[in-house]
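Engineer: Can you keep this structure in mind? I'll have questions shortly.
The values are calculated or read from the model by the stated rules, or taken from the named source; none is laboratory data. Model, not experiment: these values are computed from the prediction. No Cβ is skipped: glycine too gets one built from the backbone with ideal geometry, and neighbour counts run over all protein chains shown.
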Amino acid sequence: MSGPIRAELTWVDGELLRGIEVGVDDLGKISHVHKSDDALTHPRIALLPGFVNAHSHAFQRALRGRGERFDRPDEDFWSWREAMYGLVEELDRESVKRIAIQAFREMRRCGMTTVGEFHYLHHDCTDDGGDWAFDQLMLEAASEVGIRLVLLQAYYVTGGIDQRLGAAQQRFNGQNLEAYWSNMDRLQGMVDGRMQRLGVVGHSIRAVPVEQLVLLHQESQSRDMVFHMHVEEQPAEIEACQQTYGLTPTGVLLDRLSLDSRFTAVHDTHTDSSDMARYLQTGARVCLCPLTEANLGDGLADVPGILAQGGRICLGSDSNARISMLEEMRLVEYGQRLKLQKRGACRDEDGRIDRVLLDMATRHGAESLGIKAGSVAVDHEADFVLIDLESPTLQDCRDEDLAAAMMLGASEECIAGTMVAGRA
């Protein structure tokens, strides 16, 4: 058993409290949380649940700076995608693992203790499509960095609705459902049971025919696995889906899948309000990626509308153009302020935004990934981010204002470190 942690401040049930002791057992789980007058083990530190990055494409970290020169005035997601395909055709096993390690290390430095890696770059250029060469590399990279990993294995078989895969997309090729699940079973034998698990992905309505999507989702439910999917990031996707299926992508999901709390839609940038209301009634979740959505010019989801209906939002670094959970939280709120021209878009019933934003960055991400983390609570994973109370950006903040000050006014220099399974 690790020694107990007594930080100057500890985030418990939505408040930063003094005089709290957190115990960690031999399995790296929280054994107790109670009041204590004993000497601090971590003076001038605020202990928060570790940030949960619910949506990442690690390989895209190598795109930083690429695709940021614009030959036309109308460049958008689709022109960025061409730059991404150019990168894909350059990558091999060595570079993919190196980039993943870089991304995961940066995540830990930024306070992230868990990543949901939405992984669709499966095959090496020399791979005949049968050995899924890059999948194991994600497990290895996460293990070397010491970050908790949920490997969200993507099924991707069409280059657009009713379109063949393009040249670069062949490296994403999920082949068929039998091959996909056979590979999933193989990976299950490789995961570190304490630090890693698997989840299921239908990449998008563009990349998976609906009949296969139905079967993929049904099997994920029979195995009690979380299911993630890109949904309505771009208007063109919605238009193509309506032309083919007579419904929006969300409409297709509602019509054909038995959605529940294990399902997470990523983006929902352009989701119709009536579709969203029906979607949230199923208990399914939403993942936003504010920094990437800003980088790509996607637009802004209706965050106040989602929250007003009790929707559970989590956050992801997506393309990893910038890795910062503090900035992701900040941009969720600030993006809505710019759009609505008013403040407090993410407030709760008490008028507080810090609790809502931190839940997005921790508890709701953990729930989306199917892990018991994201809270300083008994029997949860002992995954923490340590905030330096001596940071110049947090000087003279009252205890009750500190979390909001961190989210809206600080940068990664205020992060003293992280602990995963109770270990630094």
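Engineer: Somewhere in region 403-416, is a residue among the charged types (D, E, K, R), more than 29 Å from Asp260 (Cα to Cα) and either part of a loop (DSSP other than H, G, I, E, B) or not assigned by TED's automatic domain parsing to the domain that holds Ile45 (or both)?
Structural biologist: Of region 403-416, the ones among the charged types (D, E, K, R) are 412-413.
Next, from what is left, pick out any that are more than 29 Å from Asp260 (Cα to Cα): 412-413.
Adding the requirement that they be either part of a loop (DSSP other than H, G, I, E, B) or not assigned by TED's automatic domain parsing to the domain that holds Ile45 (or both) leaves none.
No; the residues of region 403-416 include none that is among the charged types (D, E, K, R), more than 29 Å from Asp260 (Cα to Cα) and either part of a loop (DSSP other than H, G, I, E, B) or not assigned by TED's automatic domain parsing to the domain that holds Ile45 (or both).
Engineer: To continue, here is another question. Tell me, yes or no, whether region 161-168 has at least one residue that is of a type in the set (D, E, K, R), surrounded by fewer than 22 Cβ atoms within 10 Å (Cβ to Cβ) and within 27 Å of Thr113 (Cβ to Cβ). Break it down stepwise before answering.
Structural biologist: Pass one, region 161-168, residues of a type in the set (D, E, K, R): 162, 164.
Still in the list and also surrounded by fewer than 22 Cβ atoms within 10 Å (Cβ to Cβ): 162, 164.
Now restrict to residues that are within 27 Å of Thr113 (Cβ to Cβ): none.
No, region 161-168 contains no residue that is of a type in the set (D, E, K, R), surrounded by fewer than 22 Cβ atoms within 10 Å (Cβ to Cβ) and within 27 Å of Thr113 (Cβ to Cβ).
Engineer: Sticking with this one: In region 1-30, how many are among the charged types (D, E, K, R), in a strand (DSSP E or B) and within 13 Å of Asp383 (Cα to Cα)?
Structural biologist: Residues flagged as among the charged types (D, E, K, R), in a strand (DSSP E or B) and within 13 Å of Asp383 (Cα to Cα) within region 1-30 amount to 1.
Engineer: Scan (1) assigned by TED's automatic domain parsing to the domain that holds Ala361; (2) in contact with a helix residue (DSSP H, G or I) (Cβ under 9 Å, 6 or more places away or on another chain); (3) without any contact (Cβ under 8 Å) to a residue 24 or more places away in the chain for the single condition Leu17 breaks and write down its number.
Structural biologist: Going through the list (1) assigned by TED's automatic domain parsing to the domain that holds Ala361; (2) in contact with a helix residue (DSSP H, G or I) (Cβ under 9 Å, 6 or more places away or on another chain); (3) without any contact (Cβ under 8 Å) to a residue 24 or more places away in the chain, Leu17 breaks only (1).
Engineer: For region 229-239, state whether one or more residues are surrounded by fewer than 23 Cβ atoms within 10 Å (Cβ to Cβ) and of a type in the set (Gly, Ala, Ser).
Structural biologist: yes
Engineer: Being closer than 22 Å to Leu338 by Cβ, surrounded by fewer than 18 Cβ atoms within 10 Å (Cβ to Cβ) and not β-branched (Val, Ile, Thr) is true for just one of Gly299, Gly316. Which residue is that?
Structural biologist: Numbers: Gly316 fails: surrounded by fewer than 18 Cβ atoms within 10 Å (Cβ to Cβ).
The unique qualifying residue is Gly299.
Engineer: Please verify whether region 299-312 includes one or more residues that are touching a Phe, Trp or Tyr at 6+ places or on another chain (Cβ under 9 Å), among the hydrophobic types (A, V, I, L, M, F, W, C) and touching a residue at least 40 places away in the same chain (Cβ under 8 Å).
Structural biologist: We begin by selecting, within region 299-312, every residue touching a Phe, Trp or Tyr at 6+ places or on another chain (Cβ under 9 Å); these are 311.
With among the hydrophobic types (A, V, I, L, M, F, W, C) added as a condition, the list becomes none.
No, region 299-312 contains no residue that is touching a Phe, Trp or Tyr at 6+ places or on another chain (Cβ under 9 Å), among the hydrophobic types (A, V, I, L, M, F, W, C) and touching a residue at least 40 places away in the same chain (Cβ under 8 Å).
Engineer: Here's another thing I want to ask about it. Go through region 220-250 and give me each residue that's out of contact with any Cys (no Cβ under 8 Å at 6 or more places or on another chain) and over 24 Å from Gly316 (Cα atoms).
Structural biologist: Narrowing region 220-250 to residues out of contact with any Cys (no Cβ under 8 Å at 6 or more places or on another chain): 220-227, 229-246, 250.
Result: Ser222, Arg223, Glu239, Ala240, Cys241, Gln242, Gln243, Thr244, Tyr245, Gly246.
Engineer: Quick test of your reading of the structure: Lys372 fulfils all but one of (1) in a helix (DSSP H, G or I); (2) of a type outside the set (S, T, N, Q); (3) surrounded by fewer than 18 Cβ atoms within 10 Å (Cβ to Cβ). Name the failing condition by number.
Structural biologist: (1)
Engineer: Which of the residues belonging to region 79-134 are under 29 Å from Met360 (Cβ atoms) and in a loop (DSSP other than H, G, I, E, B)?
Structural biologist: Cys110, Gly111, Tyr120, Leu121
Engineer: Same structure again: Could you please let me know if Val157 is touching a Pro at 6+ places or on another chain (Cβ under 9 Å) and either surrounded by fewer than 21 Cβ atoms within 10 Å (Cβ to Cβ) or in the same structural domain as His230 (by TED's automatic domain parsing) (or both)? First the steps, then the outcome.
Structural biologist: Numbers: touching a Pro at 6+ places or on another chain (Cβ under 9 Å): yes; either surrounded by fewer than 21 Cβ atoms within 10 Å (Cβ to Cβ) or in the same structural domain as His230 (by TED's automatic domain parsing) (or both): yes.
Considered against the rule, which asks whether it is touching a Pro at 6+ places or on another chain (Cβ under 9 Å) and either surrounded by fewer than 21 Cβ atoms within 10 Å (Cβ to Cβ) or in the same structural domain as His230 (by TED's automatic domain parsing) (or both), Val157 comes out as yes.
Engineer: Confirm whether Leu331 is in contact with a helix residue (DSSP H, G or I) (Cβ under 6 Å, 6 or more places away or on another chain), under 25 Å from Arg105 (Cβ atoms) and touching a residue at least 24 places away in the same chain (Cβ under 8 Å). Walk me through it before giving the result.
Structural biologist: Working: in contact with a helix residue (DSSP H, G or I) (Cβ under 6 Å, 6 or more places away or on another chain): yes; under 25 Å from Arg105 (Cβ atoms): yes; touching a residue at least 24 places away in the same chain (Cβ under 8 Å): yes.
Considered against the rule, which asks whether it is in contact with a helix residue (DSSP H, G or I) (Cβ under 6 Å, 6 or more places away or on another chain), under 25 Å from Arg105 (Cβ atoms) and touching a residue at least 24 places away in the same chain (Cβ under 8 Å), Leu331 comes out as yes.
Engineer: Could I ask something else about it? Identify, from the list Thr244, Thr269, Thr248, Thr282, the residue that is touching a residue at least 24 places away in the same chain (Cβ under 8 Å) and within 28 Å of Cys110 (Cα to Cα).
Structural biologist: Numbers: Thr244 fails: within 28 Å of Cys110 (Cα to Cα); Thr248 fails: within 28 Å of Cys110 (Cα to Cα); Thr282 fails: within 28 Å of Cys110 (Cα to Cα).
Going through Thr244, Thr269, Thr248, Thr282 in turn, just one is touching a residue at least 24 places away in the same chain (Cβ under 8 Å) and within 28 Å of Cys110 (Cα to Cα): Thr269.
Engineer: Restricting to region 69-91, count the residues that are of a type in the set (Gly, Ala, Ser), out of contact with any helix residue (DSSP H, G or I) (no Cβ under 7 Å at 6 or more places or on another chain) and either buried (at least 21 other Cβ atoms within 10 Å of the Cβ) or without any contact (Cβ under 8 Å) to a residue 60 or more places away in the chain (or both). Break it down into steps so the answer makes sense when it comes.
Structural biologist: We begin by selecting, within region 69-91, every residue of a type in the set (Gly, Ala, Ser); these are 79, 83, 86.
Filter once more, so that each one left must be out of contact with any helix residue (DSSP H, G or I) (no Cβ under 7 Å at 6 or more places or on another chain): 79, 86.
Subsequent filtering for residues that are either buried (at least 21 other Cβ atoms within 10 Å of the Cβ) or without any contact (Cβ under 8 Å) to a residue 60 or more places away in the chain (or both) retains 79.
Count: 1.
Engineer: I'm told Arg66 meets every condition in (1) under 19 Å from Lys372 (Cα atoms); (2) surrounded by fewer than 18 Cβ atoms within 10 Å (Cβ to Cβ) except one. Can you identify the failing condition by its number?
Structural biologist: Failing condition for Arg66: (1).
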